[in-house]
Amino acid sequence: MPRSQQEQRERNNAAQASPHIRPQHRPRCLTRQCARLRAPLSTLPPARSAEPIIDCVTTPNSTSRQPPGQTLLFDADDTLWENNIYFERAIAAFINYLDHRIHTPEEVRGHLNRVEHTTIKEQGYGLKSFRKSLIACFEQLTDQPITPEKHARIVSFAQSIADQEIELLPGVAPTIAELATRHRCILVTKGDNLEQRDKLNRSGLEAHFAAVEVLHEKTPAAYRALVEHHICDAPTTWMIGNSPRSDINPALAAGLHAVFIPHDFTWVLEHEVVNQPPAGQTLLELASFADLTQHF
Ligand SMILES: [Mg+2]
C-alpha cells in the first residue's frame, strides 16, 4: 500500500527540520561511525525518528545522468519497501509481553540481538529464524517452561510480520518504472527465498526486474559471483540499497559502484561504517529513492 501523501509530507518536513541531514553536495565524511542506535523502544513504530541513521554524507562525483545501459542492482527490504519497522513492532510487543522483572527492555533487546545473530548464522534470515530467536530469547530469560499458550503468543508476534501488506517506500513505483526503461534492473536481496519472492510478487514491481537473486549473505564473493553470472560490466554496475553492511561495503569491495539510500530504521545488525570507494569507483548517497532518476 503506497504511503499516503500526508506521511510523505511529514517525512519531508522532518527531514528538512533535522540538523543531521545535510545538503547532498557537502564534502565526504566516510570515516565516522555511520550507525546510530534506534530510538527507545517506547517510541518505536508507528512513531518514526526524524534523524537519519548516519551522520556522514557522500558526494556524487558528477550530477550528470549516467548513460542508458547501466546495470542497477536493487536491494529490496527497506530500499523498495518497508520491512524492519514491522520487526521492531513485533519485538516491542514481545518485550512488552515478556515484561521481565529484572532486565530492562533495553537489556532484553540486547539479548535478543545476540540470539538473532546466532540463529541467523545457523538458519539464515527470514521469519522462521526470527520466530526461533524469540522463543530462544524467552526461554533464556525466564525460568518458566513455555506453555502451549505462551508459545502460540510468541509465534503470533512473528506472524504479525507475515500478515503485513507490502508498503512501498515513497516514489519507488514510478522511479523503478522509469529506470527500467533505460537500464537493466536486477533485484538482489537476501533472506528466505520464498518469503522474498512472495514479497516481490505482492509488491507489483516484478515486471521491472530482468532477474531476481535471493542470496544467503551479501558478501563481496557473492557480488562477484552475481556479476559473473549475469555478465555485468563492473564500470556500469551499481548496487543500490540502505544497508552499509550488506549493500554498500561488499559491493564496493567487489569492484562495483554503489548508491546508499539510508532508511531511518535500518536493522541494527546491518549497521556498519560506510567505506570509502576505491579509486575509479563511485559512491553516491541519496536522500530519497526518487532522486535516482537524476543520476540514472
Ligand atoms: Mg535492505
Here's a check for you: in the range 261-283, which residue that is outside any loop (DSSP other than H, G, I, E, B) and surrounded by fewer than 24 Cβ atoms within 10 Å (Cβ to Cβ) is farthest from the ligand (Cβ to nearest atom)? 268
Residue match in the range 219-228 (condition: within 20 Å of residue 267 (Cβ to Cβ) and not in a helix (DSSP H, G or I)): yes
Contact list please: Cβ distance under 9 Å, first residue in the range 258-271 and under 20 Å from residue 284 (Cα atoms) and not assigned by TED's automatic domain parsing to the domain that holds residue 89, second residue part of a loop (DSSP other than H, G, I, E, B) and among the aromatic types (Phe, Trp, Tyr), pairs at least six apart or on different chains. 259/296
Looking at this structure, is residue 241 among the small types (Gly, Ala, Ser), within 15 Å of residue 176 (Cα to Cα) and within 15 Å of the ligand (Cβ to nearest atom)? yes
Against the condition within 16 Å of the ligand (Cβ to nearest atom), in contact with a helix residue (DSSP H, G or I) (Cβ under 8 Å, 6 or more places away or on another chain), free of Cβ contacts under 8 Å to residues at least 60 places away in the same chain and assigned to a helix (DSSP H, G or I), how does residue 87 come out, does it pass? no
Is one or more of the residues making up the range 129-138 more than 16 Å from the ligand (Cβ to nearest atom), touching a residue at least 24 places away in the same chain (Cβ under 8 Å) and not in a helix (DSSP H, G or I)? no
Any chance the range 179-192 includes a residue that's surrounded by fewer than 16 Cβ atoms within 10 Å (Cβ to Cβ) and either assigned by TED's automatic domain parsing to the domain that holds residue 101 or not hydroxyl-bearing (Ser, Thr, Tyr) (or both)? no
Looking at this structure, is residue 276 over 14 Å from the mean Cα position of the chain (by Cα), at pLDDT below 95 and over 19 Å from residue 188 (Cα atoms)? yes
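The values are calculated or read from the model by the stated rules, or taken from the named source; none is laboratory data. Note that the structure is a prediction, hence the values are computed from the model and not measured. Virtual Cβ from ideal backbone geometry, glycine too; neighbours counted across all protein chains shown.
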